[in-house]
Amino acid sequence: MRNPQLNKNGGLQHLLTIDGLPREILSTILDTAAPFSEVAEREVKKLPLLRGKSVFNLFFESSTRTRTTFEIAAKRLSADVINLNISTSSTSKGETLLDTVDNLCAMQADMFVVRHASSGAPFLIAQHLAAMGLEHIHVINAGDGRHAHPTQGLLDMYTIRHYKKTFANLVVAIVGDVLHSRVARSQIHALITLGVPEVRVIGPKTLIPTDVDKLGVRVFHDMRAGLKDVDVVMMLRLQNERMQGALLPSPQEFFKYYGLTADKLECARPDAIVMHPGPMNRGVEIDSAVADGPHAVILPQVTFGIAVRMAVMSMLAGG
Amino acid sequence: MLPDAERLCVALADSLRPGLPPDSALVGIHTGGVWVAERLHAALGLKTPLGRLDVSFYRDDFSRSGLHPQIKSSDIPFEVNDRPIIIVDDVLYTGRTIRAAMNEIFDYGRPARIDLAVLIDRGGRELPVCPRWAAQTLQVEPGRNLQLERSEAGLLTLRLIDA
Amino acid sequence: MKIHIKNGRLIDPAKGIDAQADLFIAAGRIAAVGAAPEGFAANRVIDATGRVVCPGLVDLSARLREPGFEYKATLESEMAAAAAGGVTSLACPPDTDPPLDEPGLVEMLKHRARHPSFAHVYPVGALTLGLAGERLTEMAELYEAGCVAFGQAQAPVVDTLVLMRAMQYAATFDFPVWLQAQDPFLGKEGVAHDGEVATRLGLPGIPVSAETIALSAILQLARDTGVRIHITRISSAAALEMIVAARASGIAATCDVSINHLHLSDADIGYFNPHARLAPPLRDGRDREALRRGLAAGAINALCSDHAPVDDDAKQAPFGEAAPGATGLELLLPLTLKWAGEMKLPLGQALARITCDAARVLGLSAGTLAAGAVADVCIFDPRGSFRVTRESLRSQGKNTPFLGQELPGRVCCTLIEGHVAFENGRQG
């Protein structure tokens, strides 16, 4: 079974997940992102690469922040950007996901940036485009269910490489709600593919997925033990609806045992960096003193994210 | 027998020197143009730091051949507005690279003027581009590439290869 | 109509026969095996040289989608699929719309299915009204109308008190109860086996314990109530072990497995293939191995197609939103042959699971070619093959994880009560 995100020559046709992508492709994306980050400092922050192309931000699940970063990236590449926020209620009126896609294809779309609450939805779209012979249309997964958020994973890798220079010899910990996190899955695959020797996940058993160790990570339930001597701490967002109920008793107890505080951060290496995909829940998964402290690289992550998304869009559009 | 690139650099510097405005800036085009621009910058003793452009983002064949795999960051470490700028390249051929370079420079600001200095003008223009300075003109048959190379010791040489 | 099927390799698992023998049919019944009865003058001779002649297949689960889901399939389309697949008897689960919880609905279904080219239909009546798991159906009336057993299809009975009473009531009349074991809470949000594949794909998982917990409750209530219990579509090695252990302790539970679970595992979900969205979910490779061995050993009584035709729109959705189920009537024989070949089983032993053994679960004397039996016959070419494509499937449902595959065996002829219902690619 061919990886549906690669073309016949093994190049990137869509970006759907990091799982299964060769290290060379990940490295090329990171290398390509570097010159794009310089563009932000120019008077005219625009490149002509996607001039005349139509990029559809297809958001079946609302996310202003992610949509905005994709929108900025596409606009800096001179693309025409069309934002569609398709609530699930309108799809339940009868139009299927693929009906929507067919309609947009008829409007000469060149690229879809897809956010969907169901794992695998961007794969369905990519497979549908292939079946329709529309290979010139590219799909970027902007987050599907619990499955993947590959551009977030890549911008995190860009950030780590920026501060740590290399992936060899690093110890990286991913902390919090791994079970529901598409970000965590993309981070895990990216870190392991790029050669990070030790990737850890930390969280209570209710938030750690079954058999996650088979993805190549070490599981910790004690945060201090898990943070011991790590170079990079990647915090995950805890969704409001999961803060109390059968997964966790309360945000307070979660913060006490799994929230990142300066005190817990002392277990990590002195030069450790702290990352968060945003938006943060201060006082739930991360203490403000850490979020605003010297170890945090959370705002640079956002800046790098635009360059990484520009690189991905350009690589896809350029074939 | 191809001309000696080092001697051409000296000749090019000599032809630029007369009447060069003191606030002029050199912008070399990656990769060969940057090497030549470095030589000129040293020889002319310019105060304005050297600029470097990778025009990959502005190439007109992007939709056909995609992104170059190893793109370098462009670096324009000076104010572009109202400055006289000299684009420096090794070999001038179709003129498409120069078109891309001018477009890119304008995204940094509005220069006072732009001139073009090249080591070799090999003819074969596809755009109305004309160098103000060319150390030498040379007929090269289509289908062959004239390329500037730099040895480990830093010595520049020209080489003719099949495209 | 007298038919003489000559020169075939006759396999009748019920009688342990696997030999070159002719078959003689008269008045819809098997007249003789081997030598012609005295004075037998055939109206028709079918040459079965190089073919296997076996009892018509008995499928323990085939959804005909009537009433209520005619956009997914119709009786006509699915009966054509059954005949093309060599299936001559089938049990249909009660998950129609409305569910089979009233005698009138069952009578209507039986009436609609009365056609010489249609397989015999054995409805499984709803155990509770509307399959809601709250109030009992009129089981005795439903039995009179033609139901052979009572079940819930894939709907749970959440309230164990209701479950116990439903079993007690069924046991009163010695009606069999067919249940699929899945805990309604542990299985609620899941769409795939809770393991590495689901974790990697970010699919909500259904743990094996969802099956074993529900199974434990069913088996213990079966022991207490003395009901005849049949466990449908088991999916895990653990469930099989529990059933084997329950039998050792005196609970006469039977069970079946679907063709999908016999051949596939969660790894076959691949890149979110919605055709691999099934209920129960495909488990891991070790579970599949245990099911394959269990079926060979007879610990699993029968193999069924779990035929569930689904319309394209319902499948062209992200994995978790796609309707579960796969079409299967036409794949039952090929996938039985594939399993037999891979396990190096004698053909007779393999065919038993889709003929006489399945008939025994249904409480029927069908599934044999013994003299006097109803002449339900399947003639197939064991060296032929069936390429599964949207075009080759007669079922209205084109949804199967085996699409595009070339499977062993080709049905040549299907006889239902001595009537040629399907022959050489054409309906009778």
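The values are calculated or read from the model by the stated rules, or taken from the named source; none is laboratory data. This one's a predicted model, so the numbers in the text were calculated from it and none came from an experiment. With ideal geometry, Cβ positions are generated from the backbone for all residues, glycine too; neighbour counts draw on all protein chains shown.
Pairing residues of the stretch B:91-117 that are within 13 Å of another protein chain (Cβ to nearest Cβ) with residues that are crowded, with 22+ Cβ neighbours inside 10 Å and of a type in the set (Gly, Ala, Ser), at Cβ distances under 7 Å and at least 6 apart in sequence or on separate chains, gives B:Glu104/B:Ser74.
Filtered by the rule that a residue be surrounded by 18 or more Cβ atoms within 10 Å (Cβ to Cβ), within 24 Å of the chain's Cα centre (by Cα) and not in a strand (DSSP E or B), the stretch C:1-32 gives C:Pro13, C:Ala14.
Taken as a whole, the structure leaves C:Val53 outside the set of residues that are closer than 23 Å to C:Ala302 by Cα, in contact with a Ser or Thr (Cβ under 6 Å, 6 or more places away or on another chain) and assigned to a strand (DSSP E or B). Scanning the stretch B:60-75 for residues that are crowded, with 22+ Cβ neighbours inside 10 Å and touching a Lys or Arg at 6+ places or on another chain (Cβ under 8 Å) turns up just one, B:Ser74.
Only a single item in (1) over 24 Å from C:Arg283 (Cα atoms); (2) touching a Ser or Thr at 6+ places or on another chain (Cβ under 9 Å) is not met by A:Asp211, and it is number (1). The set of residues from the stretch A:123-160 being without any contact (Cβ under 8 Å) to a residue 24 or more places away in the chain and within 14 Å of another protein chain (Cβ to nearest Cβ) comprises just one member, A:Ala131. Of all residues in the stretch C:114-132, those that are more than 22 Å from C:Ala84 (Cβ to Cβ) and small (Gly, Ala, Ser) total 4.
Among the residues of the stretch C:91-116, those that are of a type outside the set (D, E, K, R) and buried (at least 17 other Cβ atoms within 10 Å of the Cβ) comprise C:Ala91, C:Cys92, C:Pro93, C:Pro94, C:Thr96, C:Pro99, C:Leu100, C:Pro103, C:Leu105, C:Val106, C:Leu109, C:Ala113. In summary, C:Leu203 fulfils each of the numbered conditions (1) in contact with a strand residue (DSSP E or B) (Cβ under 7 Å, 6 or more places away or on another chain); (2) within 14 Å of chain A (Cβ to nearest Cβ); (3) surrounded by fewer than 20 Cβ atoms within 10 Å (Cβ to Cβ) with the single exception of condition (3). For the stretch A:31-47, residues that are touching a helix residue (DSSP H, G or I) at 6+ places or on another chain (Cβ under 6 Å) and either under 21 Å from A:Asp80 (Cα atoms) or more than 9 Å from chain B (Cβ to nearest Cβ) (or both) total 6. Between C:Gly151, C:Gly187, the distinction of being away from chain A (no Cβ under 14 Å) and modelled with pLDDT under 95 belongs to C:Gly187 only. Hey, can you tell me all the residues within the stretch A:172-231 that are of a type in the set (Val, Ile, Thr) and either modelled with pLDDT under 95 or surrounded by fewer than 18 Cβ atoms within 10 Å (Cβ to Cβ) (or both)? Of everything in the stretch A:172-231, those that are of a type in the set (Val, Ile, Thr) and either modelled with pLDDT under 95 or surrounded by fewer than 18 Cβ atoms within 10 Å (Cβ to Cβ) (or both) turn out to be A:Thr206, A:Thr210, A:Val219. Being away from every other protein chain (no Cβ under 14 Å), touching a residue at least 40 places away in the same chain (Cβ under 8 Å) and surrounded by fewer than 23 Cβ atoms within 10 Å (Cβ to Cβ) is a property that holds for C:Thr254. Within the stretch A:161-182, the set of residues being of a type in the set (D, E, K, R) and either in a loop (DSSP other than H, G, I, E, B) or within 14 Å of another protein chain (Cβ to nearest Cβ) (or both) comprises A:Lys165, A:Asp177, A:Arg182.
Suppose we filter the stretch C:228-237 for residues that are buried (at least 24 other Cβ atoms within 10 Å of the Cβ) and either within 14 Å of another protein chain (Cβ to nearest Cβ) or more than 21 Å from C:Arg292 (Cα to Cα) (or both); how many remain? The total comes to 1.
Within the stretch A:12-30, the set of residues being surrounded by 15 or more Cβ atoms within 10 Å (Cβ to Cβ) and either at pLDDT below 90 or within 14 Å of chain B (Cβ to nearest Cβ) (or both) comprises A:Leu12, A:Gln13, A:Ile25, A:Leu26, A:Ser27, A:Thr28, A:Ile29, A:Leu30.
Residues that are in contact with a helix residue (DSSP H, G or I) (Cβ under 7 Å, 6 or more places away or on another chain) and modelled with pLDDT of 95 or more occur at least once in the stretch A:78-90. On the stretch given as the stretch C:84-108, residues that are outside any strand (DSSP E or B) and closer than 30 Å to C:Val53 by Cα total 4. In this structure, A:Ser186 does not qualify as within 11 Å of another protein chain (Cβ to nearest Cβ), of a type in the set (S, T, N, Q) and free of Cβ contacts under 8 Å to residues at least 60 places away in the same chain. One residue alone among C:Leu393, C:Leu364, C:Leu403 is part of a loop (DSSP other than H, G, I, E, B) and either loosely packed, with under 15 Cβ neighbours inside 10 Å or in contact with a Phe, Trp or Tyr (Cβ under 9 Å, 6 or more places away or on another chain) (or both), and that residue is C:Leu364. The residues on offer are C:Ala340, C:Ala358, and the sole one that is away from chain A (no Cβ under 14 Å), of a type outside the set (Val, Ile, Thr) and closer than 17 Å to C:His230 by Cβ is C:Ala358. Looking across the stretch B:26-54, the residues that are surrounded by 22 or more Cβ atoms within 10 Å (Cβ to Cβ) and among the β-branched types (Val, Ile, Thr) come down to B:Val27, B:Ile29, B:Val34, B:Val36.
Comparison of A:Thr100, A:Thr68, A:Thr96 shows that the only residue that is farther than 30 Å from A:Gly195 by Cβ, within 18 Å of the chain's Cα centre (by Cα) and away from chain B (no Cβ under 14 Å) is A:Thr68. Take residues that are within 19 Å of C:Arg283 (Cα to Cα) and tell me which of the helices (runs of 4 or more DSSP H) falling wholly in the stretch C:112-219 contain 1 or more. Of the helices (runs of 4 or more DSSP H) lying wholly inside the stretch C:112-219, those with at least 1 residues that are within 19 Å of C:Arg283 (Cα to Cα) span C:196-201. Looking across the stretch B:61-90 at every residue that is at the interface with chain A (Cβ under 9 Å from one of its Cβ atoms) and touching a residue at least 24 places away in the same chain (Cβ under 8 Å), the one that is farthest from B:Pro21 (Cα to Cα) is identified as B:Lys72. Looking only at residues in the stretch C:124-153 that are more than 22 Å from the chain's Cα centre (by Cα) and at positive phi, which one is surrounded by the fewest Cβ atoms within 10 Å (Cβ to Cβ)? My answer is C:Gly130. Considering the stretch C:288-303, and only residues there that are of a type in the set (A, V, I, L, M) and in a helix (DSSP H, G or I), the residue that is farthest from C:Ala252 (Cα to Cα) turns out to be C:Ala290. Residues of the stretch B:35-57 that are under 15 Å from the mean Cα position of the chain (by Cα) and touching a residue at least 24 places away in the same chain (Cβ under 8 Å): B:Trp35, B:Val36, B:Ala37, B:Arg39, B:Leu40, B:Leu50, B:Gly51, B:Arg52, B:Leu53, B:Asp54, B:Val55.
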